[in-house]
1. Given C-alpha coordinates of segment 575-717, what is the ratio Rg to Rh with the Kirkwood estimate of Rh?
2. Taking every Cα atom in segment 158-207, find the radius of gyration and the maximum pairwise distance Dmax, and write them in Å.
3. Please work out how much length the chain gains when fully extended from Gln474 to Ser435, using 0.36 nm per residue of separation minus the C-alpha to C-alpha distance, in nm with one decimal.
4. Once label points are set 7 Å from the Cα along Cα→Cβ at both Val186 and Thr611, what is their separation, rounded to one decimal in nm?
5. Please report, in debye to the nearest 20, how large the charge dipole of the chain is about its Cα centre when each Lys and Arg carries +1 at its beta carbon and each Asp and Glu carries -1 there.
6. Scan around Trp891 for amide H atoms under 5 Å from its own, H built in the peptide plane at 1.01 Å from N, and keep only partners 5 or more places away or cross-chain.
7. Would you compute, for the Cα atoms of segment 734-841, the largest minus smallest coordinate along each principal axis and list the three values in descending order, in whole Å?
8. Using a/c under 1.5 as the rounded threshold, could you call segment 2-312 rounded, prolate or oblate? The axes a ≥ b ≥ c are square roots of the C-alpha gyration tensor eigenvalues, and prolate needs a/b larger than b/c, oblate otherwise.
Amino acid sequence: MLLSGEFHPWRLPVPSLWLDIFQKIKALGFSATSFYVHWALLEGEPGVYRADGAFDLAPFFEAAAEAGIYLLARPGPYIQAESFGGGFPGWIERMTGSLRTNDSGFLDSFHTYYSNTTSVISKFQISNGGPVILLQPENEYSVSQSDFEPTYMQYIMDEARSNGIVVPFISNDAGPYGNDAPGSGVGAVDVYGHDYYPLGFSCSNPDNWTAFTFPDNFYQLHESQSPTTPYSLVEFQGGSMDGWGGSGFDGCAQMVGTEAERLWYKNNVAAGASFFSIYMIYGGTNWGNVGYPNGYTSYDYGAAITEARTVDRDKYSELKLLGNFLKVSPTYLDVQPSNNTISVANTTDISVSPLTGRTSNSSFWVIRHSDYTSTDNTSYTITFPTSNGTVNLPQLGGALSLLGRDSKILVTDYPLGNINLLYSTAELFTWKEFSEYTVVVLYGDIGEHEELAIGLSNPNITVLEGDSSTIRYQYAGNQTILSWDITGSRLLVKAGNIYFFLLDRSSAYNFWVPQLVTSETTHNYTSDTTVASSIVLSAGYMVRTARLQGDELHIAADFNATTTVEIFGAPASANSLYINGQKQQFTKDSQGFWTTTVIFEMPNFILPDLTQLHWFSIDSLPELQSSYNDSGWTDAILSSTSNVDYGLSTPKSLFSSDYGYHVGFLLYRGYFTANGQETQLNLTTQGGSVFETAVWINDTFVGSYQQNSPYLLSLPTLQSGSTYVITIVIETLGIEEGSRAPRGVIDYSLDGGHSQSDISWKLTGNLGGEQYIDLARGPLNEGGLYAERQGLHLPSPPVNDSTYSWGNSTPFNGIESAGIGFWTAQLPLDLPSGYDIPLSFQFDEGSISGGEYRAQLYVNGFQFGKYAPSVGPQTTFPVPQGILNYNGDNWLAISIFAYNSSGGCLNTLKLVNNTVAISPIVVELADQPVYTKRANAY
Ligand code: GAL
């Protein structure tokens, strides 16, 4: 059983935080993570593979290993992932050969990337003691049956094998069409898998489920497609993407929230999934232009772990209930699934999918409303076969209930070590057989009545906690039946040697089951359920690890409130307790349970008022000045394009990719001699989705437009015989996934009898183009703004250098006419250690205000936000510790591209914190080189 979640290291460019995410995944009871590798980030310059700084994969593998997480590597070359080019570098636009086919031009183009990446991955395979257990070639390759080219799939796999990949190949079919299933010859992977996004990608009406699909044939499909391999859901919806102008990720978190997790995820369990990966489990950030044109900076995805790395969404806790249950339920792997529902309840409103034991009696029953959208509270009784005959539940009277949008996995003949749990109508969170006793944690919702039967005859029963009046029990031969009501206060019942914790759902959310690492433990991967492999805690916000070191029990955990920590199953040899390295007093009760309290006090810290920083300002569109020297710019002299998918409409190519510019701001300068007859410039530009274009003639602002091209711009009266320069600024938003769609100026015409060739063009993007300067922050972080080309967005910019005419305005003054302003300021931080204090930069008090400008936010040189107040929806931009130096100086920079004659300014910008927790995480600064003078910068 592999329970997995997707997480992209390149969307969290702080390697020392990767362990944090892996531990949060591991704490769900999950055993694996899947990850994409992004080609465009590793081969910005064709033929040169670079994995500097945060792009090095080795620390990612090491962090996974430390957390005990297996990995599915997904190096593409095509990945999609709402990312720049879908993984393809911009220079793919100059390569011949149809993309994602067997054309040699395309195959050759990814050889450098793929051979280097798979060689690195191969070193970290399980066969070499590493965490990598599977590799996925391509992604959703069989998007339609007709596109599928087996020899291309085979080529990728052969490349991987020749670079040392020995682990099995798994596919991520989009269909599920099943045409790359094992056994079907060339291009067939070892394990067939597919993805599924049944809730779609519109988060504006999260509770309206009527349009969603609820698959009820997945098991049958699997049997027809790939009966000999484990049923693998390589991606299953864990949230949603959201686009410019969208409704925001909170809606996505709600849409794929606790109810959807229960209904859809448990339906996947009903279909017998044994590799089940959630996309995304942690989304992260489209920092530095890694996103695709339709997406904004946040890639939070509404995932279980928020972009700010917090675990305060209930959907995280709900997933933890399911993950931990499956982790301790090995008999699930021995069941006969069936998507067919059966009528074993006394009402047709309730449907049951059986998972019946093959070689044992141990069976699972997935209960839901027959109409999965139903919000009814339904009372029912139910009949199950058991090793002790047919039982009609509840046996001791009353009724069961399913409250609203819920689904439950009930168990029959479930082995708790040597004791048989004949059935339970409450769901199981975990159980552990310790040397002295067994702990069983069950939960349901407040208002429900529950019942279980256990194979113990006449055990001693004591109610140790809670209202005993709601508890009934009865001995029935070799069984003991126990029933209770869930009221919201915890019940602890001891029956024989078993402690039953009978919880309501939110108390269960506080329980954690870290694996116990001892000095004998060589690795932490196992999900084995043998004696005392884990301990059970009730501890609130987040428990990371448990370790036995001699007679010391060490717990690493995060606390966002004063918390009573209870430890069940502390090893007999332990006699002292350390939490986050600090010795902790504790009490031990007569059961042997440990209790202590961790005091949380909100630490004292002051987040600087950003309006009060010492800002340095500069004009970042000096190109408008007549004195500006553009001799360093690239002349647009190519009479043809290398782009085999798109033809030219201009005498010289103005496709930026023909000149090596692919990302962020592109600038064009077109020179011509006027004849006085000009009235209009007709311009077609392309920058993806809601890109913005603004145009000047000499220093006169001509106009701007968002997205819709061709666009007619009215010109001022021009002087016949004079030379003019048209300056075009295009803020591009990335390249569409799997596409060669060009960026830049696509077409133009100037009236007054001019031919296109009357204008001669120059262009620029980021300094150096594909020979990009900043290796640590990679090939996509910088665009072509003057300030970026000069490196002024980097830490410690030359604010005393008189070659730049620094002013002292602030981004709150902004600029008063159309143009581009740039500001930088030192931002000292002094935050207390021992805490995780996620920070975000918040524009406009967190609500979109409108405004005819686009802003970019840079933190220590990393572009961590594109704010578009006229489009939205994002106003709050998380920036991780490690990009921010929490104890020292930071440099903050802002660019404002005002595309309206009245200019633009920030209304407000604030540094705000997210959930603060006491935390043992150790965060090191990501590699962040400071400013150095750039030779030949223009
Ligand atoms: C899948 C694809 C992922 C991602 C997802 C939507 O089809 O494999 O890469 O794009 O859709 O978020």
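1. My calculation puts Rg/Rh at 1.39.
2. Rg and Dmax of segment 158-207, Cα atoms, are 15.7, 49 Å.
3. This chain segment gains 11.3 nm when fully extended.
4. Those two pseudo-labels are separated by 6.8 nm.
5. 1020
6. Placed amide hydrogens put Leu827, Asn860 under 5 Å from Trp891.
7. 68, 40, 25 Å, listed from the longest principal axis down.
8. rounded
Laboratory data are not the source of any read-out in this text; all were calculated from the coordinates shown. This one's a predicted model, so the numbers in the text were calculated from it and none came from an experiment. Every residue, glycine as well, gets a Cβ built from its backbone with ideal geometry; the counts of neighbours run over all protein chains shown.
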